[in-house]
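Following: one structure in structure tokens, then a few remarks.
The values are calculated or read from the model by the stated rules, or taken from the named source; none is laboratory data. All values reported here derive from a predicted model rather than from experimental measurement. Every residue, glycine among them, receives a Cβ derived from its backbone with ideal geometry; neighbour counts consider all protein chains shown.
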Protein chains: 2
Amino acid sequence: MSHKLLLLTRENEIYHQLLSDLALPNLTIVDEQPAQISSTDIWLAEPGLAAPLISVGHSLQWLQSTFAGVDKLMQLKRPLSCQLTNIKGVFGPLMSEYVFGYLLNIYRQQGLYAAQQRQQLWQEGEYRTLQGKTLVVLGTGSIGSHLAQTAHHFGMKALGVSRRGRATAGFERVYEISQFASIISCADVLVNALPHTPQTVHLLNGELLSKLPQNATLFNVGRGSAIILDELTQLLQQRADLTAVLDVFEQEPLHSSHKIWQQANAIITPHIAAPSFPEQVVQIFADNYQRFCQQQPLMNLVDISAGY
Amino acid sequence: MSHKLLLLTRENEIYHQLLSDLALPNLTIVDEQPAQISSTDIWLAEPGLAAPLISVGHSLQWLQSTFAGVDKLMQLKRPLSCQLTNIKGVFGPLMSEYVFGYLLNIYRQQGLYAAQQRQQLWQEGEYRTLQGKTLVVLGTGSIGSHLAQTAHHFGMKALGVSRRGRATAGFERVYEISQFASIISCADVLVNALPHTPQTVHLLNGELLSKLPQNATLFNVGRGSAIILDELTQLLQQRADLTAVLDVFEQEPLHSSHKIWQQANAIITPHIAAPSFPEQVVQIFADNYQRFCQQQPLMNLVDISAGY
């Protein structure tokens, strides 16, 4: 049986080339024209580009997202009726690069030394090390696990928080999300790596975040909706000891007039913590394509009722 | 038998307190007065503070350095005749913090995103990851080993270079120093972690470093004497693709007029990559003191003929 694939990414050329190189059997890549879209049974797509076209995807059976976050496909008028798979398991090392890169920048005072270099000033700063500090990760999937391993490598303690609080390799202990408020005061470093679900929206409000301990660092690499940004901005204004490193926002791009851009103890990056590399996405797609053809269960299947 | 300890550090008060807390048997801490110095048989000292006093240390039997680097005690008119021990094994995690902190800053374009934040600019940069890159470490001791482990954790390959080229855990392969010139072109990241010895002085000259591959990053966390600084400065002027991160210099403090301070692709820090924490030093001293009293071989004994 032959299949038709629709590509909906901002890097279609690269994907086209990578897929052609693999020469997957019985698979034709078709152009993005309305008449063609409706006849394609498989989409390899960015959720934001696929969402507005779902209603004309009359033949769509399987949508492979090129991203981890699929919330744009959860907010449709009608719930998605095809199989939806996402990218999992490849973001851990990239997230660790992002989180520990900024964490070490902050702890090891790279900003101070850069300023001193501009003045040709040779002067030791105060010294902070990651050793002995506690990392709390919201979300204990493959990203959270990798962050916990990296924390251990640097001599930190790693605690996890998840929906069910199930013990997970790499974490000293995992708490249920209902217990989070009681342990946030232990979090020298707090990383949100939760997906967007109704339960995670605005979880991190100003009152909760105000319980962070002295000199804590907050990261958001999950979804922007987890944080009430205006309340966080206010908290950062009041507490200069805190630092927030934010890669995701409820409104992306973050509006240029938002005050947090100028907040000295906020670091803002444009959703670049862990990009999907086409080479990795195509590998996952190819594995799943084989399963799809053999009518086996797909990998990284999204539970549409749970939202991730 | 009772012993007299002379403290020669810039943190004598802290050391005094920590040692008093341990209450080591038969050990008296004495003041730094000429008459007293000559009667002390044990010194706990920074090499640079001890060196000028060695000639009056008539009773000195054992000198525990508070640093790893003891080259200032190797340049005396008369070779040291007492036992010399240094600090080893505690610097690996701190060096990994320093090296990988700066490496991730560079690879993940923290400077670019900071500049964009000042302009409220939401724009993805080009993407580089540590995954798949090659780290070459000069020196395969405890520091080199920890760097190699950290490299593996981030998906890099780690090659070592040592005097004898002996296989060492954590490194894919260890080369003899004589083979270094033939593998430097593989070094996406080159870290010098060698001690100061006659063989390592000016090892990294301009000609050799010019063989570094495109976009390579050079670290010096060993001793300043390993690099010919003026030749490196010239190379950095010619090759904007290279970055050098330097924590140690032949002349410390680095003279404020040196051109490398202003070199855009150089990062200069004031010998802070891996400080000795008094708590760790005192622990090592206490272990060695027990051995000294029982006339057992000391730990971390420096081979004075080899220089480390």
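Observations
- Single unsatisfied condition, A:Ala216 versus (1) more than 30 Å from A:His3 (Cβ to Cβ); (2) in contact with a helix residue (DSSP H, G or I) (Cβ under 7 Å, 6 or more places away or on another chain); (3) modelled with pLDDT of 95 or more: (2)
- Subset of region B:246-279 [touching a His at 6+ places or on another chain (Cβ under 7 Å) and facing another protein chain (nearest Cβ under 8 Å)]: B:Glu252
- Residue that is surrounded by the most Cβ atoms within 10 Å (Cβ to Cβ) [pool: residues in region A:11-27 that are under 16 Å from A:Gln64 (Cβ atoms) and not aliphatic (A, V, I, L, M)]: A:Tyr15
- Residue match in region A:81-102 (condition: farther than 30 Å from A:Thr217 by Cβ, out of contact with any Lys or Arg (no Cβ under 8 Å at 6 or more places or on another chain) and free of Cβ contacts under 8 Å to residues at least 60 places away in the same chain): yes
- Of everything in region A:112-122 that is in a helix (DSSP H, G or I) and over 14 Å from B:Ile272 (Cα atoms), the residue that is farthest from the other protein chains (Cβ to nearest Cβ) is A:Ala115.
- Every condition in (1) in contact with a helix residue (DSSP H, G or I) (Cβ under 8 Å, 6 or more places away or on another chain); (2) closer than 24 Å to A:Leu121 by Cβ; (3) surrounded by fewer than 21 Cβ atoms within 10 Å (Cβ to Cβ); (4) not polar (S, T, N, Q) is met by B:Lys211 except one, and the failing one is (2).
- Considering region A:64-96, and only residues there that are β-branched (Val, Ile, Thr) and at pLDDT 90 or above, the residue that is surrounded by the most Cβ atoms within 10 Å (Cβ to Cβ) turns out to be A:Thr66.
- Pick from region A:61-111, criterion more than 21 Å from A:Asn192 (Cα to Cα) and part of a helix (DSSP H, G or I), ranking: nearest to the other protein chains (Cβ to nearest Cβ): A:Gln110
- Residue in region B:1-41 that is nearest to B:Glu279 (Cα to Cα), counting only those that are of a type in the set (S, T, N, Q), free of Cβ contacts under 8 Å to residues at least 40 places away in the same chain and not in a helix (DSSP H, G or I): B:Thr28
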